[in-house]
Every structure is written in C-alpha cells, then in structure tokens.
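One structure is given below, encoded as structure tokens.
The values are calculated or read from the model by the stated rules, or taken from the named source; none is laboratory data. On a predicted model such as this, the values are computed, not experimentally measured, just so you know. Neighbour counts run over all protein chains shown; Cβ positions are idealised from the backbone, glycine included. When the accessible area is computed, the model is the full protein with side chains, heavy atoms only, and any ligands, DNA or RNA have been set aside. Shrake-Rupley method; radii C 1.70, N 1.55, O 1.52, S 1.80 Å.
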Amino acid sequence: MTMPSLAIPRPVHPTGVWGWVTTIDHKRIGILYGVTAFVLFVIGGVEALVMRAQLVQAELDVVSPEMFNQLFTMHGTTMIFLAIMPMGAAFFNYVIPLQIGARDVAFPRLNAFSYWTFLAGAIMLNGSWFLGGAPNAGWFGYAPITGAAYNPGHGIDFWIMSLQILGIASLAAAFNFIVTILNMRAPGMTLMRMPLFTWMTLITAFLLVLAFPVITVALIELMFDRFFGTNFFVPGAGANPILWQHLFWVFGHPEVYILILPAMGIVSEVLPTFSKKPLFGYPVVVLSGLIIGFMGWMVWSHHMFTVGLGPIANSVFTITTMAIAVPTGIKIFNWLGTMWKGSITFSTPMLFSLGFITVFTIGGISGVMHSQAASDAQQQDTYFIVAHIHYVLFGGSIFALIAGIYYWFPKFTGRMYDELGGKITFWLVFAGMNLTFFPMHFTGLDGMPRRIYTYDSAMGWEFWNLTSTAGAALLAVGIAALIYNVVSGWVRGKQAPGDPWDARTLEWSMSSPPPEYNFAEIPTVTEVDDWWASKRRKDAAPVIAGASEDEGHSIHLPQPSYWPLVVSVGLLIGGYGLIYHYAVAAIGLAVSMVGVYAWSFEPVNDPDEGSGH
Amino acid sequence: MATAAHGGEHEATTTGLNHRKMLMWAFLGSDCMFFGSLIATYLVYKGKSKGGPQPIDVFDIPVTSVSTFVLLMSSMSMVLAYSALTRGSLKGFRIWIASTAIMGMTFLAFQVFEFNDFVNYEVHFKCEEVGTGSLTEFEESFSDRCVDGVDEVDGIHDSEGNNLTGLTPKTNLFGTTFFTLTGFHGAHVTLGVIWLLSIFFYSFRRGRVTPERHLDVDLAALYWHFVDVVWIVIFTVVYLFGVFEGF
Amino acid sequence: MSEDTQAAMQHGERKEAAHPSPLTYVAVAMTLAVITAIEVGIFYITGLGHAIIPVLVILSAGKFALVAMFYMHLRYDARLFSAFFAGGLALAAALVFALMWLSGFF
C-alpha cells in the first residue's frame with residue numbers, strides 16, 4: 001500500500017485533543033455538534049437579550065439602530081442555522097446508528113466533514129462581528145436591500161458565504177443519513193419498525209437534500225450580483241426582487257419542517273417511554289410526518305401574502321397552509337392518545353415534551369390564524385409573527401431538543417442529571433418562554449412592527465415590552481440553570497445504568513455510554529420498540545451489552561482521518577478568499593482539492609486490509 | 001470520490017444496494033433541484049431584459065447543435081468504457097474513458113468559444129433592412145445610426161473603440177441568467193472531466209481499476225450522464241426556445 | 001441479504017442479463033443523434049407555429065429518458081434509484097412551473 005503519497009502519516013488511535021480532531025466516531029461527532037451548537041445557541045440568546053434591553057422602554061438608546069439591525073439578523077440566522085439545525089444533527093449523529101442497530105453511519109469521514117464544515121460556517125458568520133460589521137438585512141435577507149447598491153460592506157458577504165458553507169455541511173450530512181437509515185438497519189428492522197425519531201430524521205434528510213439546492217442557487221445569484229455586478233435582483237435592469245422571496249421561501253418553508261420534524265421525533269420517543277405505552281397510532285404518526293414533509297413544499301407563498309401575488313395565488317396558498325395543519329393536529333392527538341391511561345412519570349424529559357405539546361399547539365393555532373391571507377395582511381411583519389415563530393421554534397423545537405438532551409443525557413455521558421434541578425429548569429424555561437413571547441401577540445395585534453429598534457412612548461406598547469423583557473431575563477436564568485444542571489451532572493452525576501428509563505428502543509440495550517463499536521452483536525429486530533418487547537419476552541431475559549475491553553477487538557471500525565478537516569479548512573479559506581481576494585480563494589480550492597484526493601485514495605480501514613482486493 | 005474508498009462494496013446492506021451508489025443517486029436527485037432553480041430563474045426572466053442582445057441576436061444553433069452532439073456521444077463513449085471494464089477489457093476501458101474526457105473537453109472548448117463570441121458580439125446590418133422586419137429588436141434599436149450616407153451599421157463602439165454591444169453577465173437579465181446557468185453546467189462538466197481523467201490515470205496503477213471495482217467507474221459515469229441530460233434540457237429550453245420567437 | 005440478485009448484479013456475475021450489449025448502447029446513441037437532428041431540423045421548418053413547443057418538449061424528454069434508462073441503467077437497476085431521481089426531477093419541474101406561473105409567465 002503506497003497510495004497516500006502525501007507525507008503525513010495516518011492517525012492511528014490518537015488520544016486527547018487530536019483524537020477529537022481526527023475522530024470519525026458518530027458518537028464523538030454528535031457530542032461535538034451538540035456542544036458547539038449549544039455555545040452558539042447561547043451567543044444567539046445573548047444577542048436576543050441585548051435587543052430586549054433596547055426595547056424594554058420606549059426611545060431607549062442601548063444600541064444604535066445599525067447595531068440593532070445586525071443583532072436581529074445574527075440572532076435569527078444563528079438560532080436557525082447554527083443552533084437548532086446542528087442540535088438536531090447532534091441527535092441524528094449520536095442516536096440514529098444506535099437506534100437502527102448500526103456500528104456507525106454509512107460514511108464516517110463524510111460525517112466528520114459535515115461537522116467541520118458546519119464549524120467553518122459558524123466561524124464565517126460570527127467572525128463578521130470583528131471584520132467590519134455583521135449582516136444586517138434580516139435572516140431572510142430580502143433583495144434588493146442585500147444588493148451592493150444598498151448594502152456596501154462585507155456583512156452580507158459573510159452571511160452569503162457562511163450559509164453556502166453551512167449548506168454544504170447540511171447536504172453532506174443529509175446524504176449520509178439517508179443512506180445510513182435506508183441501508184444500515186439491523187436485520188428485521190423494516191421501515192415500519194423504525195423508531196419514530198429515525199423516521200422523522202429520514203424525512204428531514206430528504207427535505208434538506210431537496211430544499212438546500214434552492215437556497216444555494218438564490219445565494220449564488222445574490223453573490224454574483226454583489227461580486228460580479230450581475231442583475232438577478234436589480235430592479236433597474238428589469239429584475240423582480242420578488243424572485244428572491246420565492247427562492248428563499250421555497251427553501252425556507254421546508255426548512256421550517258427541517259427544524260420541527262426532528263423535534264416531533266424526539267417527543268414521539270419520550271412520551272411512550274414515560275407513559276409506559278407504545279406510541280398511539282404509530283403508522284398514522286409516520287404517515288402524517290410524510291404528509292407534512294410533502295405538503296411543506298406547497299405553502300411557501302404564505303410568507304408572501306402581502307407582496308401582491310393576486311387573489312388566486314393567495315387563495316391557493318391559504319388553502320394548502322390550512323390543510324397542513326391537519327397532519328400536525330393528527331400528531332398532537334396521537335401524542336395525547338399515547339399518554340391516555342398510561343402510567344406516566346413526570347421526569348424532566350417528559351415535562352419538556354408536555355411543554356412542547358402545549359406551547360407548540362398555541363404556536364400552531366396562531367399559525368392557522370395567519371394562514372388566511374386576509375388576516376395575515378393585518379399581522380404580516382408585526383410582533384404577532386415574532387410571537388408565532390418563537391412559539392413554534394422555541395416552544396416547539398427548542399423544548400423538544402432540551403427534552404432530548406435530558407432524555408439521552410445518561411446515554412451520552414454515562415451519568416445521571418439531578419432530577420430536581422431538571423424540574424426547576426423546566427419551570428423556569430417554561431415560565432420565561434411564555435412570559436417573553438405571549439405578550440408579543442398583544443403588541444403585534446396592537447400594530448408594533450418587528451425589526452424596529454425603538455418605538456414612540458405614545459404607542460402604548462411599553463407595558464407589554466417590559467413584560468417581554470422581564471420574561472427574557474427569566475428565560476436567561478432558566479437556560480443558565482440548564483447549563484448548570486447539565487455540566488454538574490456531566491462532571492459529578494452518579495453512574496447511569498444502561499437503561500435508566502425502562503425505555504423502548506435499541507440505544508438503551510447497551511451500556512451508558514455505549515462502547516466505541518456500539519453493538520458487540522448486531523441485534524435482530526422482530527417488532528416496533530423491539531428492546532421494550534424483548535425485555536418482556538418470557539424466553540430470554542436480555543442483558544445490557546457490556547463494554548468489556550477485549551470484546552470489541554475483532555470488530556473493525558473505520559479509522560480516524562485528517563482529510564475531512566482539511567477539506568473543511570479549504571472551504572473556509574475559499575470563502576474568505578471570495579470575499580477578500582481571489583488568489584486566496586484559489587488557495588482554498590487547492591487545499592480542498594488536496595483533501596478530496598487524499599481522502600479518496602485513503603482506504604476506509606487499515607491500509608493493509610484496504611489493498612486486499 | 002472516485003476511487004479506493006471501496007470498503008462498502010462487499011458489505012451486506014439492508015436494501016442490498018451499495019452505500020455509495022445510493023448516495024450518488026440521492027445527490028443527483030438533489031442536483032436536479034439545483035439546476036431546476038437555475039432554469040426557473042432563467043425562464044422567469046426570459047424576455048424581461050432591458051436592452052442588450054437577446055438570444056436571437058447571439059445564438060448560433062448549428063454550432064451549438066454540434067457541441068450538443070459531441071456531449072451526447074461522450075455519454076455513449078462513457079457507457080462503452082464502463083461496459084468494456086465489466087467485460088474485463090482494461091485496454092478498451094482506457095480508450096473509451098479517454099475519448100469521453102476528450103469529448104468533454106471539446107464541449108468545454110465550444111463553450112469557451114461561444115462565451116467569447118457573445119462577449120464580443122457586434123451588431124451588423126444593412127440600413128436598407130431597417131423596418132423590413134428582418135432585423136431583431138436589438139438591431140432595430142440602432143436604426144438611428146442610419147443617417148444619410150450610411151449604408152450599413154458595423155458595430156457600435158465608444159470613443160476608445162470598445163465594443164458596446166457585447167453580451168456579458170452584466171449586460172442584461174438574459175446575459176446574467178444565461179451565463180450563470182450554462183456556466184454552472186460547464187463547471188459540472190469540468191469537474192466531470194477532472195474525475196474521468198483521474199480514473200484514467202489511476203487505471204495505470206496495477207489493480208486499481210478492475211472489473212471487481214467497477215463501481216468507482218459506475219459512479220463517475222452516472223455523474224457524467226447526468227451532466228448530459230441536464231444539457232439536453234438546456235439545449236431545448238435555452239437555445240431552441242430562445243431563438244423561437246413565440247416562446 | 002447480500003446474496004440477493006442486486007448484489008449479484010453489482011458483482012457482474014449476471015451482467016449479461018443485467019446490462020445490454022455495446023450494440024444497444026450504440027443504437028441508443030444513434031437514436032439520440034437522430035432526435036437531435038430532428039429537433040434542429042423541425043426548428044427551421046416554418047409553419048409549425050406554437051405546435052413546435054410541445055413537439056420539442058416531447059423529443060427532448062425522450063432523449064432524457066433514453067439516457068437515464070439505458071446509459072444510467074435505471075431500466076435495469078433498483079427502483080429506489082429511479083425513485084430518488086424521479087422525485088428530484090418532478091419537484092424541480094414543479095418548481096419551474098410554479099415560479100413561472102407566479103411570475104406571470106403564462
């Protein structure tokens with residue numbers, strides 16, 4: 001084996017930091033994703049707090065209007081692309097292979113590449129604060145305000161490049177998980193025996209694969225307008241800036257389901273576990289997930305009811321938008337049915353899941369309110385919309401993700417968190433969230449536009465804004481409690497058993513944390529919730545797969561690799577190059593190419609085994 | 001990528017399908033959306049340009065037909081390369097894959113010449129044709145040049161001699177959308193040529209490209225054919241419909 | 001599971017049944033060339049008027065299908081692959097038509 005002619009030797013069993021840098025173990029990558037995304041979630045939260053401080057009273061001057069524009073843009077972009085999506089990815093990474101009975105994902109190095117590329121995108125976006133100013137045109141960056149004529153400076157350039165880089169990361173991860181889920185299931189695990197979280201991940205991955213190319217094209221067009229003087233969104237040349245809105249929301253609405261479907265999957269795991277009942281109507285929940293994924297493509301123009309698409313288009317999108325509430329409602333009833341007559345334990349994951357159902361339903365109902373074009377005309381671009389998006393994304397996605405953090409915490413860390421602390425966290429976050437965002441319904445209906453940096457005291461919005469800011473402070477305390485709870489549990493929680501919740505799916509059939517090779521022996525699946533069923537079969541009492549050191553030696557795991565990181569670094573350099581100097585872009589391209597070639601010629605496994613054929 | 005990462009090839013999978021091949025097809029489905037969005041942009045802006053050359057001014061259908069033909073034949077060559085490899089003829093494989101890459105480069109050369117032609121496009125008409133309906137809208141817009149004593153208009157230049165009637169990505173919406181769409185197709189072809197050449201040179205290392213490891217070639221071939229079918233769409237939608245007045 | 005027909009096809013053991021001969025490939029290429037010639041040819045025949053649009057669409061869809069089915073082996077390969085490709089293609093086509101409709105193209 002002579003192939004990798006590059007002089008750097010392959011890392012063999014690296015330890016310490018180097019072990020994390022070159023890791024291709026899905027569990028480690030999952031933890032990297034989770035920790036990074038949580039840090040970015042806190043950064044996005046701080047941005048929100050500064051905005052709430054600015055709005056606590058009328059006519060304050062805490063930050064300048066220019067800074068305020070950057071804050072809401074960065075807050076939205078960070079929370080959606082750098083917090084919620086990668087936190088979902090953290091769970092995909094850690095949990096999916098365990099749930100389907102696999103030893104890793106289908107393409108472990110591609111998985112590492114996804115993480116490093118995500119990190120590159122995060123650096124690109126947040127670096128903008130220190131390189132002349134952050135993007136300032138809102139998270140959906142409507143043209144033409146993002147054009148060079150109205151928005152000189154590099155803020156929007158950083159926004160474009162970071163979203164492109166993050167898109168590459170998301171696409172690579174989505175391809176990986178499609179193949180993993182379809183192709184690496186344990187024997188007997190048919191599609192209709194897959195855990196719900198795996199199902200929702202599969203649907204999410206397909207949405208990513210089909211939606212991201214659209215935003216990629218939109219960003220390319222915007223980038224060409226800014227860098228090369230093309231006319232895609234230049235009204236003077238006859239262009240129609242509405243095209244940007246179409247392309248953005250053709251991506252953007254499936255993106256909404258990309259954010260919420262994994263959350264629904266988590267809740268669909270937690271509720272049966274803590275109700276000691278199988279999920280009510282499993283096939284229906286799967287089917288409504290598929291319908292949501294499909295119909296998510298037919299509703300995008302409801303973000304554009306006020307641009308004047310005409311009564312026919314508005315009516316069509318009103319109807320499709322109202323219709324998509326049906327499968328969502330079906331899911332909610334199935335979750336309620338799951339709990340019906342169950343023997344419920346109100347542990348922290350369960351509390352967050354119940355919080356999810358409650359708050360997400362409120363967000364769903366306000367969504368149905370502005371699904372009607374006529375009613376939306378009143379609510380468009382007001383705080384009512386801000387309330388809605390936060391009820392579905394904070395009360396929905398984030399609640400479910402926190403439920404997931406607590407639910408799988410013993411599996412991830414091998415330790416238990418403090419249950420009382422968890423409950424306190426829940427009530428702080430739940431109260432803070434509602435106190436922050438519920439008043440925004442009132443300010444919104446009262447006409448307060450979103451994205452304004454201040455308002456006149458005569459508008460009568462001060463009381464509810466003060467309430468929102470107080471809620472935001474409470475929410476911050478709640479998140480601090482969450483961090484404390486997680487960190488203290490991780491550091492000195494008591495040892496977790498393999499299956500602390502008497503749970504249902506395969507990831508609980510092994511020790512906590514799982515051994516590097518996951519399954520000493522790949523299980524054979526005979527029904528939905530096979531682990532739960534096997535615990536109750538009379539013939540054989542199952543044992544938690546142990547983690548004795550010698551057991552795994554005959555199992556061949558893919559080896560660590562540098563090259564995914566090299567390709568990602570090349571992309572980051574290339575991104576900066578496109579903004580500053582094309583010569584640098586060429587260097588970035590060259591670095592990536594070297595990485596891709598070295599990666600291609602590097603066998604998945606031990607060099608000597610690789611050349612055996 | 002192209003080679004060596006063949007660990008999954010003999011692995012038992014749930015569906016019986018190869019991991020990498022499944023990823024490739026998912027990628028191609030995704031790439032459909034990429035080109036779909038670019039084509040949608042092109043069509044939404046079709047006929048909306050303000051000034052500047054239009055498709056009918058610059059397109060040369062016979063020339064583009066030839067390059068289209070070359071790309072179609074490269075697909076045949078590609079499939080024959082794959083066929084030769086699976087039948088165990090490494091020599092045949094090398095000949096066909098090299099010819100595929102060469103035809104790909106030929107296509108790219110056509111594209112470079114075409115782009116160059118468009119950028120340097122100059123209006124040229126006889127003044128007697130003005131108002132007869134044989135001139136394009138763009139040419140008619142220069143009819144004011146036909147003053148007494150001028151028989152024909154031969155290019156429009158500024159005082160420094162720069163051509164003012166070329167089509168660049170900045171000129172109008174047609175230039176913007178056309179160069180972006182066909183440029184990204186060209187970028188795909190370029191990547192394909194690099195991939196094919198990599199496999200071609202790799203095949204000279206003993207045991208690297210073998211009938212058993214035909215999947216490495218299969219994936220490159222799928223990509224190559226995809227680039228071909230995208231061009232089939234572009235040729236009809238952009239070129240033929242571009243020159244057809246009624247569309 | 002790896003012993004099923006699919007895996008066998010991938011290992012080339014049943015390639016005679018699985019993949020057509022080079023002659024078929026050449027015949028497909030000739031058909032593609034002829035269709036392209038027809039496309040360009042009818043283009044210069046005036047008098048078809050707007051009927052030329054559906055004709056050209058059908059002809060190029062035929063070319064597309066030939067390449068996908070024979071050269072990309074979808075005719076002989078797993079249906080899942082066809083589903084992946086057709087899904088992306090159908091959604092892309094729907095996107096194109098929806099955006100044209102919403103932009104007042106028709």
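Quick rundown of the values:
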| read-out | value |
| --- | --- |
| Overall Cα dimensions of the stretch A:25-558, principal axis frame, Å, largest first | 74, 48, 46 |
| For the protein assembly as shown, calculated [θ]222 nm from helices alone, where every DSSP H run of n ≥ 4 adds -39500 (n - 2.57) | -21000 deg cm²/dmol |
| Relative counts (whole %) of C-alpha pair distances in chain B, using bins that are 10 Å wide | 7, 26, 26, 18, 12, 7, 3, 1, 0 |
| Average partner coverage of B:226-239, which counts Cβ from other chains inside 10 Å | 5 |
| Whole-number accessible area per residue in Å² for the stretch A:41-88, which is evaluated in the context of all protein chains at 1.4 Å | 33 |
| Tilt relative to chain B, helix B:61-86 - C-alpha long axis, 0 to 90 degrees, to 10 | 0 |
| Environment charge at B:G131 (Cβ cut-off 14 Å; Lys +1, Arg +1, Asp -1, Glu -1) | -4 |
| Share of alpha-carbon pairs per 5 Å distance bin for the stretch B:42-130, given as whole % | 3, 12, 15, 14, 13, 12, 9, 7, 6, 4, 3, 1, 1, 0 |
| Separation in nanometres of the label points that stand 7 Å from Cα toward Cβ, at C:V26 and A:T306 | 6.7 |
| Taking N as its residue count, the alpha carbon Rg of the stretch B:123-165 over 2.2 N^0.38 Å | 1.13 |
| Sequence-distant residues sharing a close amide H with A:T382 (under 5 Å, placed H) | A:R450 |
| Contact order normalised by residue count of chain B, Cα under 8 Å, 6+ apart, percent | 31 |
| Positive minus negative residues near B:A84 (Lys, Arg vs Asp, Glu; Cβ under 11 Å) | +3 |
| Taking chain A and dividing mean pair separation by its residue count, relative contact order in percent (alpha carbons under 8 Å, at least six apart) | 18 |
| Directionally averaged projected area (convex hull, Cα atoms, the stretch A:24-168), nm² | 9.6 |
| Debye log10 I(q)/I(0) at q = 0.13, 0.14, 0.16, 0.21 Å⁻¹ for the stretch A:341-457, Cα point scatterers | -0.59, -0.66, -0.78, -1.07 |
| Where only alpha carbons of the stretch B:128-246 are counted, the Rg and the Dmax (Å) | 23.3, 76 |
| Accessible surface buried once B binds A (1.4 Å probe; total of both sides; Å²) | 3700 |
| Alpha carbon convex hull of the protein assembly as shown, volume per residue in cubic angstrom | 180 |
| Unsatisfied cross-links (Cα-Cα over 18 Å) in the set A:K276/A:K341; A:K276/A:K423; A:K331/A:K411; B:K50/B:K170; A:K277/A:K535 | A:K276/A:K423; A:K331/A:K411 |
| In degrees, nearest ten, helix B:215-234 long axis to first principal axis of chain B (Cα) | 20 |
| The protein assembly as shown - percent of accessible surface contributed by carbon and sulfur, probe 1.4 Å | 67 |
| C/B buried area, accessible surface, summed, 1.4 Å probe, Å² | 4700 |
| Peptide-level mean, for A:201-208, of C-beta atoms on other protein chains within 10 Å | 1 |
| For A:M510, residues with placed amide H under 5 Å, excluding near neighbours | A:A545 |
| Principal-axis tilt of helix B:90-119 within chain B, Cα atoms, nearest 10 degrees | 20 |
| Spin-label model distance (nm) - B:V150 vs A:E66, 7 Å beyond Cα toward Cβ | 4.8 |
| Cut-off 10 Å between beta-carbons: net charge of the residues surrounding A:P513, Lys and Arg +1, Asp and Glu -1 | +2 |
